[in-house]
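The values are calculated or read from the model by the stated rules, or taken from the named source; none is laboratory data. It should be emphasised that the depicted structure is a prediction, and the values quoted were computed from it without experimental measurement. Positions of Cβ are backbone-derived with ideal geometry, glycine not excepted, and every protein chain shown enters the neighbour counts. These area figures cover heavy atoms from the full protein model, side chains too; ligands, DNA and RNA do not enter into them. Shrake-Rupley method; radii C 1.70, N 1.55, O 1.52, S 1.80 Å.
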Amino acid sequence: MLKGYVKVASDSEAYYKCGATDNFDVGQSGMIDLNDHIGDAEKKQSRKDGYIFPGDLVTAYAAISAHSDVYGSTWLTYDPHANRTAVFILSGALWDLNVAFEGFE
């Protein structure tokens, strides 16, 4: 399963997962709309509850049932007004997986 993964700041050790796709097979794709997970500070929603906020650094996160989870090394600043899709590719084998940033669509 591919999941969105949020890092609060570049120097932070705190990482939070948000969003999720359904399971998909090798060669297939999944999509997460991060705008579905925007937090509202007035409602006391937090990153720990799976919400993200404008300016958060985000990358793709892959949860694999037969392997340790992996995530991308490229972090992007979340902007809810950016009308782009970030594409990440999960490649390798069960014992050597990699999540890489492919580009924007």
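Points to keep in mind about this one:
- In nm, spacing of pseudo-spin labels at HIS81 and GLN28 (7 Å Cα→C-beta vector): 3.7 nm
- Karplus-based coupling profile of region 31-36, in residue order and whole Hz: 9, 10, 9, 4, 5, 6, with θ = phi - 60° in 6.51 cos²θ - 1.76 cosθ + 1.60 and x standing for Gly or Pro.
- Reciprocal of mean inverse Cα separation for region 14-72 (Kirkwood radius, Å): 13.0 Å
- Region 2-30 versus region 40-105: alpha-carbon centroid distance in Å: 4 Å
- J(HN,Hα) series, region 98-105, from Karplus relation 6.51 cos²θ - 1.76 cosθ + 1.60, nearest Hz, glycine and proline x: 9, 10, 10, 6, 9, x, 10, 10
- Per atom type, region 56-105 shows carbon and sulfur on 50% of its accessible surface, probed at 1.4 Å.
- Charge dipole of the chain (Cα centre as origin; +1 on each Lys and Arg Cβ, -1 on each Asp and Glu Cβ, all else neutral): 220 debye, rounded to the nearest 20.
- Spread of Cα-to-Cα distances over 10 Å intervals beginning at zero, given as percent, for the chain: 15, 49, 30, 6, 0
- Accessible surface for the chain, divided over its residues, is 67 Å² per residue with a 1.4 Å probe.
- Proximity of backbone amide H atoms, modeled 1.01 Å from N, is registered between ASP56 and TYR78 at under 5 Å, excluding neighbours fewer than 5 places apart on the same chain.
- From phi via Karplus (6.51, -1.76, 1.60), per-residue ³J(HN,Hα) for region 75-84 in Hz, x at Gly/Pro: 10, 10, 7, 6, 10, x, 9, 6, 9, 9
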